[in-house]
Amino acid sequence: MIAWILLGAAFVGYLRGVDLFEAFSRGAEAALKSAVRIIPYLAATFTALRVMEQSGLLEVLCGVIEPATELLGLPQGAAPLVLLRPLSGSASLALLGDILNQYGPDSRTGLVASAMMGSGETVLYTCAVYLSAAGIHKSRYIIPVSLVGWLAGCVTAGLFFR
């Protein structure tokens, strides 16, 4: 499907007399400049994530939020996912695999964790990449509102699989 879209875009560009190679080159140059501009944000996000995992801070934070996750109706095994998903997609995917191996895919914990993974986004990573690419330095309400939306999705997943 993507190939057809690209082919269609190239065909329309050709019909309009656009120099396709020049347009492609300018787009690639702009993408490369954006990639270089966002590298520090990506490095900071990945470093913070690894520090949390390796220092044991993630486990401590899970213990701290456990009463709140129980109050919200989330199983204890899904608590690390509440914290990790907004930070990293690959780390949370690995965590989901661990949850499914430990609790089983048909368990309440496995179902809630799967719904959380499918309905959420790596909020901080996405904001770091797209806000820096757009040149926005004062995010104001974007991150807090996104995190509240993530928490609402987690609670909904917990309620759905009661």
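Structure summary
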item: Footprinting exposure proxy for M1, M116, M52 (fewest neighbouring C-beta atoms within 10 Å first); result: M1, M52, M116
item: Fewest-first ranking of F11, F21, using other Cβ atoms within 10 Å as the exposure measure; result: F21, F11
item: Given charges at beta-carbon only (K, R positive; D, E negative), |dipole| of the chain in Debye; result: 460
item: FRET efficiency for L6 and A68, using Cβ-Cβ distance with R0 set to 41 Å, rounded to 0.05; result: 0.30
item: Per-pair calculated FRET efficiency, R0 = 30 Å: L57 and L32 via Cβ, rounded to 0.05; result: 0.30
item: Fewest-first sequence of I142, I2 by Cβ atoms within 10 Å of each Cβ; result: I2, I142
item: Contact order relative to length of the chain, as percent, for alpha carbon pairs under 8 angstrom and 6 or more apart; result: 25
item: Square roots of 5 times each gyration tensor eigenvalue, C-alpha, the chain, largest first, Å; result: 38, 20, 14
item: Helix runs (DSSP H) in the chain reaching 30 Å along axis by Cα, Kyte-Doolittle at least -1.0; result: 20-55
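Read-outs throughout are calculated quantities, based only on the coordinates presented, and are distinct from any laboratory measurement. Since we're looking at a predicted model, the values are computed, not measured. Backbone-built Cβ (ideal geometry, glycine too); neighbour counts: all protein chains shown.
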